[in-house]
Amino acid sequence: MSGGRAQAELAVAELRTTWGSEPDGVWTAPGRVNLIGEHVDYTGGRCLPMALTRVTAAAVRRRDDDRVRISSTDPDAAPFEGTLADLGPGQVSGWAAYAAGTLWSLQQAGVEVPGLDVAVSSDVPLGAGLSSSASLEAAVALSAAELAGRADDRELRHLLIQAAIRAENEVVGAGTGGMDQTVALLAEGGSALLIHTRDSRTEPVQLGLAEAGLELMVIDTRVSHTLADGQYAQRRADCEEAARQLGLEWLSDATPADVARLGDPRLQARTRHVVTENQRVDEVVELVRAGRVAEIGALLDGSHTSLRDDYEVSAVELDVVVVAARAAGALGARMVGGGFGGSAIALIRSTDAQAVGDAVTAACRDRGLTLPGILTVTSGPAARRLS
Ligand code: ADP
Ligand code: MG
């Protein structure tokens, strides 16, 4: 938990120097990594993310007026100043939209948000696919709700999830399914969170990675192929069309036989990914619950192949790091997140961390690719008040 404490101290220092305020409290919320269940959240499927010990901390002071001031220790993030009345769509842009937008959507949900001084600090790498955005939203949301006098219970957490999703979709203008916000607000330390995206039901799944001598490595390719921006919408459209042709409300209800019934090879491939990925989630959950987490590697590999060949959202950088990690001893590896760059994960024996990291870096260097960022991550708890 030291990461959380360190970020909390940095956020408090930021609050003092930028806004001259003493905090009423400090809240943290975690980043996340998705173990398996990729590109199925918008088809009513299942995913298995894990919250990290890496967090965004928010030091927050309640004000007596209607002003809202938000700053970040991130050097690229200019401080924001406004009032409670101008935090909504079209009124805030850039990084502050994640925080201000969350305050706006909380107001829309009936929370009487007071004027606030906010300072945030995060050790979730920004834009690396570990969901710094939802951790920022969740930390700000929980702080504002508690300072508005709301009791922190299950009902509130569900309200905060919806508010954070709404902020990111409507104020930031980024399409997000809701996995990130759900895990940031409902995860349990030491466990992954099985999310049934159709009805937002969640079940903790005890991981036992450390007990098995294993670690999860995140390999950030540090590339993002921006030409691919329209691809996410195209994949969603493919899934909607396939579901329509099959007469299904949710494409995740398709069967292997349904895949064969589709005439168009592209829709067949997209649907095959959705069907097999949901099966892989179920198999991973079964293995993990049976205490056999070391055996999930092949399913991670299968997910990567499916995302690369059937869903066509990988990138050369992702394929290179995944192959290099496996060759250096990883038990399994796959791309995570939207694709076309971003990060991959590898399941490794703790003793192999150095060797795998070195091999991945060497493979990128040999290919003339951008050198990746490499970190190992462990499971942490959901958003909470630290002090
Ligand atoms: P990810 O969520 O995978 O990190 P996103 O693109 O969804 O990537 O969100 C990253 C963006 O969130 C950053 O570019 C920045 O605008 C904002 N952000 C997240 N955390 C912070 C922070 N601590 N300070 C400033 N901005 C942040
Ligand atoms: Mg994000």
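The values are calculated or read from the model by the stated rules, or taken from the named source; none is laboratory data. As the structure is a computational prediction, the values presented were derived from the model and not from experiment. Here the Cβ positions follow ideal geometry from the backbone for every residue, glycine too, while neighbour counts run over all protein chains shown. Accessible surface is based on the protein model in full, side chains and every heavy atom, while ligands, DNA and RNA are left aside. Shrake-Rupley method; radii C 1.70, N 1.55, O 1.52, S 1.80 Å.
Might you check whether a residue that is of a type in the set (Ser, Thr, Tyr), part of a strand (DSSP E or B), crowded, with 20+ Cβ neighbours inside 10 Å and modelled with pLDDT of 95 or more occurs anywhere in segment 208-221?
Checked against the condition, which is being of a type in the set (Ser, Thr, Tyr), part of a strand (DSSP E or B), crowded, with 20+ Cβ neighbours inside 10 Å and modelled with pLDDT of 95 or more, segment 208-221 yields at least one hit.
Scanning segment 94-130 for residues that are at pLDDT below 95 and open to solvent by 10 Å² or more (accessible area, probe 1.4 Å), which turns out farthest from ligand 2 (Cβ to nearest atom)?
Pro125
If Ala290 meets every condition in (1) of a type outside the set (D, E, K, R); (2) more than 24 Å from Leu369 (Cβ to Cβ); (3) in contact (Cβ under 8 Å) with a residue 12 or more places away in the chain apart from one, which number is that one?
Of the numbered conditions (1) of a type outside the set (D, E, K, R); (2) more than 24 Å from Leu369 (Cβ to Cβ); (3) in contact (Cβ under 8 Å) with a residue 12 or more places away in the chain, the odd one out for Ala290 is (3).
I'd like to verify a number: residues in segment 157-170 that are in contact with a helix residue (DSSP H, G or I) (Cβ under 6 Å, 6 or more places away or on another chain) and more than 12 Å from ligand 1 (Cβ to nearest atom), how many? Break it down into steps so the answer makes sense when it comes.
Looking only at segment 157-170, we keep the residues that are in contact with a helix residue (DSSP H, G or I) (Cβ under 6 Å, 6 or more places away or on another chain), and these are 157, 160-161, 163-167.
Retained after the next criterion (residues that are more than 12 Å from ligand 1 (Cβ to nearest atom)): 157, 160-161, 163, 165-166.
Count: 6.
Using the structure shown, decide if Gly178 is open to solvent by 20 Å² or more (accessible area, probe 1.4 Å) and within 14 Å of ligand 1 (Cβ to nearest atom). Give the derivation first.
Working: open to solvent by 20 Å² or more (accessible area, probe 1.4 Å): no; within 14 Å of ligand 1 (Cβ to nearest atom): yes.
No, not satisfied.
Which condition does Arg166 not pass, out of (1) at pLDDT below 95; (2) within 16 Å of ligand 2 (Cβ to nearest atom), if it passes all the others?
(1)
Please go through segment 169-179 and give me each residue that is assigned to a helix (DSSP H, G or I) and away from ligand 2 (no atom under 11 Å from the Cβ), ordered by number.
Within segment 169-179, Asn169, Glu170, Val171 qualify.
Given the criteria closer than 16 Å to Glu295 by Cβ and open to solvent by less than 10 Å² (accessible area, probe 1.4 Å), does Arg334 qualify?
The answer is yes for Arg334.
Quick one: in segment 12-67, which of the residues that are among the hydroxyl-bearing types (Ser, Thr, Tyr) and surrounded by 23 or more Cβ atoms within 10 Å (Cβ to Cβ) is farthest from ligand 2 (Cβ to nearest atom)? Break it down into steps so the answer makes sense when it comes.
Keep residues of segment 12-67 that are among the hydroxyl-bearing types (Ser, Thr, Tyr), which gives 17-18, 21, 28, 42-43, 53, 56.
Now drop any that are not surrounded by 23 or more Cβ atoms within 10 Å (Cβ to Cβ), which leaves 28, 43, 56.
Working: Thr28: 17, Thr43: 20, Thr56: 11 Å.
Looking at residues that are among the hydroxyl-bearing types (Ser, Thr, Tyr) and surrounded by 23 or more Cβ atoms within 10 Å (Cβ to Cβ), I get Thr43.
Can you go through Ala145, Ala184 and tell me which one is open to solvent by less than 50 Å² (accessible area, probe 1.4 Å), away from ligand 1 (no atom under 12 Å from the Cβ), touching a helix residue (DSSP H, G or I) at 6+ places or on another chain (Cβ under 9 Å) and outside any loop (DSSP other than H, G, I, E, B)?
Ala145
Considering each residue of segment 187-199, count those that are of a type in the set (S, T, N, Q) and assigned to a loop (DSSP other than H, G, I, E, B), and give that number.
Of the residues in segment 187-199, 1 are of a type in the set (S, T, N, Q) and assigned to a loop (DSSP other than H, G, I, E, B).
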